[in-house]
Amino acid sequence: MSGLESVLVVGTGLIGTSIALALREQGVAVHLADRDEGSLRLARELGAGVEWAEGVRVDVAVIAVPPHAVAGRLAALQKEGAARFYTDVASVKALPLREAASLGCDLTSYVAGHPLAGRERSGPAAARADIFLGRPWALCPTEETSPDAVEAMYGLVKLCGGEAVRVGAEEHDRAVAIVSHAPHVTASAVAARLADAPATALGLAGPGVRDVTRIAAGDPRLWTGILSGNALPVAEVLEAVAADLAAAAAALREAADPGAMARVTELLHRGVTGTGRIPGKHGGPARAYATVQVIIGDRPGELARLFQVAKEAGVNIEDVRLEHAPGLPLGAADLSVQPEAVPRLSEALRAHGWHLP
């Protein structure tokens, strides 16, 4: 397929609207459909596309609905002849494929898909056209899928700025259980401890607890649907995590015993090893960046000034983390840079009046 000219996005939540915005930036004609009239209206107002009129046929229909609803929507769209090819963006893949087959859907024109991108916030208001840039986008064609359908989906992913990864549906579900679904439940379990925590504890909260619990702010209803669609793989990962935690707790109750604490140390070492295996920038090996900490005022434009100094010094900021000082109109910005760039950036910042602790 030479190129996509028209796409129908069914479901105007975070991912659906983000796909629509990304495609609109590439000049693709985007049609939108959603049973939630408010969500559809907001997506249109954001410039994501125009409302789909029945009878309009497009190159690709993107089904951006919860996992359990994918097959039903696919069957309905195929019955209407809405598109030449179809895909979805649900975060589990075996379930939609299994249900689509049971409903008699045409699997030759359907490629199950899953962009590995998202935010803690949901809905069209949180959508961004750049959310997929450089992010993996799983595509799970079956033996029945036509080559033209696969080619069309590779084109769709490329237009959105993602990196297509071809993978089997079962393998995909086991993988996301490890890297996405079980971590969400684990983060929620930690965050749940804060619900009844004393004010003193919350007043002492720092970046560590924020890092661990950030993803727990996701929509519980949405996540319940995701987890139920990938229940067994997630349960297996959670059981392994629970076993590690139970062993650590038992060891800590015997903290006076060096042998017991050695078991805790071993778990911490495995954690360091696992963290080091997370792919780094552009999917390559993880890089060890150095951190330059800068005291920054809580005023409009401060980050822009900071980045401008880095730009003038010829230093690329690989990552940035902000930590606000409780009760004070300032905070600290931790700038991750290449180790060799630390002296150059530090000198430039001090020359422009920034305070480095």
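The values are calculated or read from the model by the stated rules, or taken from the named source; none is laboratory data. It should be emphasised that the depicted structure is a prediction, and the values quoted were computed from it without experimental measurement. Note that each Cβ is placed from the backbone with ideal geometry, even for glycine, and that neighbours are counted across all protein chains shown.
Tabulated values for the structure
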{"read-out": "Conditions (1) closer than 27 Å to ALA217 by Cα; (2) surrounded by 15 or more Cβ atoms within 10 Å (Cβ to Cβ); (3) touching a residue at least 60 places away in the same chain (Cβ under 8 Å); number of the one not met by ALA175", "value": "(3)"}
{"read-out": "Tally of residues being of a type outside the set (Ser, Thr, Tyr), more than 18 Å from LEU322 (Cα to Cα) and surrounded by fewer than 10 Cβ atoms within 10 Å (Cβ to Cβ) across region 194-209", "value": "4"}
{"read-out": "Residue among GLY155, GLY161 that is on the phi > 0 side of the Ramachandran plot and either at pLDDT 95 or above or in contact with a Leu (Cβ under 6 Å, 6 or more places away or on another chain) (or both)", "value": "GLY161"}
{"read-out": "Among (1) out of contact with any Gly (no Cβ under 8 Å at 6 or more places or on another chain); (2) part of a helix (DSSP H, G or I); (3) more than 22 Å from GLU5 (Cβ to Cβ), the one test that ARG35 misses", "value": "(2)"}
{"read-out": "Answer from THR145, THR87 - the residue that is crowded, with 23+ Cβ neighbours inside 10 Å and either touching a strand residue (DSSP E or B) at 6+ places or on another chain (Cβ under 7 Å) or part of a helix (DSSP H, G or I) (or both)", "value": "THR87"}
{"read-out": "Which listed residue is buried (at least 22 other Cβ atoms within 10 Å of the Cβ), in contact with a Cys (Cβ under 7 Å, 6 or more places away or on another chain) and of a type outside the set (Phe, Trp, Tyr), from ALA71, ALA43", "value": "ALA71"}
{"read-out": "Near pairs, Cβ below 7 angstrom, 6+ apart or cross-chain, from region 101-122 (in contact (Cβ under 8 Å) with a residue 12 or more places away in the chain and more than 18 Å from LEU222 (Cβ to Cβ)) to any residue that is charged (D, E, K, R) and assigned to a loop (DSSP other than H, G, I, E, B)", "value": "LEU107/GLU144; THR108/GLU144; ALA112/LYS93"}
